[in-house]
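Here the structure comes first, spelled out in structure tokens, and everything after it is commentary.
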Amino acid sequence: MLCERCKKKEATFYYHENVNGNEKTYSLCSDCADELEKKGEFKKFGGFASELGPFESLFAGDPFEHMEALLSKQDLFGSLFAPTKTRQLAERIRAKKCPLCGMTLSDFAREGKAGCPTCYETFADELEPTIGRIHGRTAHSGRAPLKFREKNEMKNRIRVLEAEQKEAIRVENYERAAEIRDELRSLRGNA
Amino acid sequence: MWYRTKGRENDIAVSTRVRLARNLNGYPFDGRLTEEKAKEIIGNVWSVFDGKEGWTFTDFASLPTVERASYAERHIVSPDFAKKAGPCALISNEEKSVYIMVLEEDHLRIQAITAGFDLAGAVQAVTEAEQLLDGALDIAYSEKLGYLTHCPTNLGTGMRASVMLHLPAYTGAGGIRSLQNQLGKLGLTIRGMAGEGTAASGGLYQISNQITLGITEDETVSKLEDVIGQIIAKERELRGCISRESLDNLSDRVMRGMGVMMYATRIGSAELISLYSDVRLGAALNLLGLPTETLDEMLMRCMPNTICTEHEGVTTPADRDRARAAVVKEILGRANSAD
Ligand SMILES: [Zn+2]
Ligand SMILES: [Zn+2]
């Protein structure tokens with residue numbers, strides 16, 4: 001595959017980004033990758049070109065892991081200190097510290113990764129936009145540990161029913177939609 | 001070990017991996033974790049498996065560097081884990097199909113590897129292993145964000161599922177690029193193993209999910225099942241369209257390749273991967289009577305660090321090439337005599 005930038009040399013670096021669920025992949029040659037890296041527009045990660053031969057490099061790097069680091073370190077955190085925030089608020093956010101590991105928000109922005117599980121609770125509001133940008137969503141759906149399971153199953157059931165209700169309304173099956181509405185009502189009453 | 005087993009869709013799918021990222025409440029992540037706390041985590045995790053039949057504990061930190069790298073080459077552990085400084089451990093089941101990395105980036109990375117295209121099997125294996133831990137350990141989880149992970153990119157299910165495919169026809173037809181774009185839109189990624197589109201790439205690609213938050217484990221698996229099923233069908237269709245003349249050429253190349261593998265006394269790693277790709281395709285097209293899993297085993301056992309680990313006294317590249325040729329000969333010889 002040819003480099004997307006110069007369209008001359010073989011592409012050996014891959015750069016994948018996800019902004020608001022819009023995903024883009026760029027393929028670049030090593031020269032263009034170097035150039036963009038110098039400009040700070042792009043951070044190379046162990047891709048297809050490494051100092052090792054092609055065979056050694058085959059399983060030598062896990063670009064996925066690098067990509068994860070890349071994604072989180074990219075200016076995803078820019079919005080945290082957006083100018084719309086008053087200085088006072090920004091100061092307060094800056095002073096916030098995780099009670100368990102001592103991480104601050106600027107540590108988080110610099111490292112791109114949490115200091116401990118409690119960080120997510122400590123910085124819940126501040127991290128929400130970042131998390132939304134990475135995944136395109138901000139709320140979990142899926143399995144849960146034992147101690148959350150019962151509650152989680154109810155939550156998942158509600159989610160399924162809501163989707164079914166939407167579909168029933170779309171196909172104008174109002175009888176079914178009403179049944180679902182009642183079931184949802186009783187589920188939510190128990191929750 | 002997966003590469004000694006026949007798997008579903010083995011003519012195209014090499015292996016399937018699923019991993020879950022899990023962490024413990026009350027402990028900082030890597031970088032903020034003291035050695036003492038790190039050892040405490042390892043002890044707590046192992047105490048869940050200790051005494052349960054079939055589980056083995058490996059003090060990964062105490063292994064020699066090449067052996068650690070060999071685990072990474074064979075995809076049993078991540079490259080980062082192979083290089084990690086400080087306490088870390090590897091817990092594996094009897095069948096060597098489930099591996100738990102303790103103190104990788106996350107406190108726990110539970111991983112299952114199966115042969116061929118078998119997402120359901122791999123998910124079941126990781127889930128069973130996880131169930132042993134759940135309840136015994138205080139797993140970090142929030143109702144909003146799901147399983148809490150070191151890196152925000154793994155939040156939610158903490159699940160990464162990937163399938164390694166051999167796509168020589170797709171590659172040859174120049175289809176990888178558009179595949180890459182299509183998969184990107186679906187929240188999936190394709191990762192080539194070496195210089196894309198070149199002979200040395202081996203035609204091997206890994207396809208995996210990228211998003212883990214707001215999508216259930218089942219939804220992730222069925223999306224991958226669907227998309228990878230389509231890619232496999234397309235690859236098979238393309239293989240079916242190879243002209244008679246091309247097939248003749250391929251057959252000749254495959255047999256010459258077999259000649260080299262059976263009789264050469266030194267085989268370089270780059271050479272082997274291109275031989276592997278040709279011969280694997282030939283085997284899948286029944287141009288020769290050789291099971292594809294034999295070739296996958298050959299590839300895994302011929303990785304540079306794996307050669308060094310399995311052969312005493314091998315240090316220089318020339319030693320390695322000689323040892324590699326011997327391994328290839330042995331594995332192919334065994335397969336031929338089994339026919
Ligand atoms: Zn270029
Ligand atoms: Zn913290």
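The values are calculated or read from the model by the stated rules, or taken from the named source; none is laboratory data. This structure is a prediction, so every number in the text was calculated from the model and none was measured. No Cβ is skipped: glycine too gets one built from the backbone with ideal geometry, and neighbour counts run over all protein chains shown.
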Within the range B:212-289, considering only helices (runs of 4 or more DSSP H) that don't extend past its boundaries, which have at least 1 residues that are within 30 Å of B:Met159 (Cβ to Cβ) and within 14 Å of another protein chain (Cβ to nearest Cβ)?
B:217-240, B:269-284
When the residues of the range B:22-60 are narrowed to those that are in a strand (DSSP E or B) and free of Cβ contacts under 8 Å to residues at least 40 places away in the same chain, which ends up farthest from ligand 2 (Cβ to nearest atom)?
B:Thr56
Checked the range B:113-155 for anything under 30 Å from B:Thr294 (Cβ atoms), buried (at least 20 other Cβ atoms within 10 Å of the Cβ) and polar (S, T, N, Q); matches are B:Thr114
Can you tell me which condition B:Ala161 does not meet? The list is (1) in a strand (DSSP E or B); (2) at pLDDT below 95, and all the others hold.
(2)
Report whether or not B:Phe117 is away from chain A (no Cβ under 13 Å) and either farther than 17 Å from A:Lys113 by Cα or not aliphatic (A, V, I, L, M) (or both).
yes
Wholly enclosed helices (runs of 4 or more DSSP H) of the range A:101-191 bearing at least 3 residues modelled with pLDDT under 90 and not hydroxyl-bearing (Ser, Thr, Tyr):
A:105-111, A:124-135, A:149-170, A:174-190
Within the range A:92-147, can you find the residues that are more than 14 Å from ligand 2 (Cβ to nearest atom) and of a type in the set (S, T, N, Q)?
A:Thr130, A:Thr138, A:Ser141
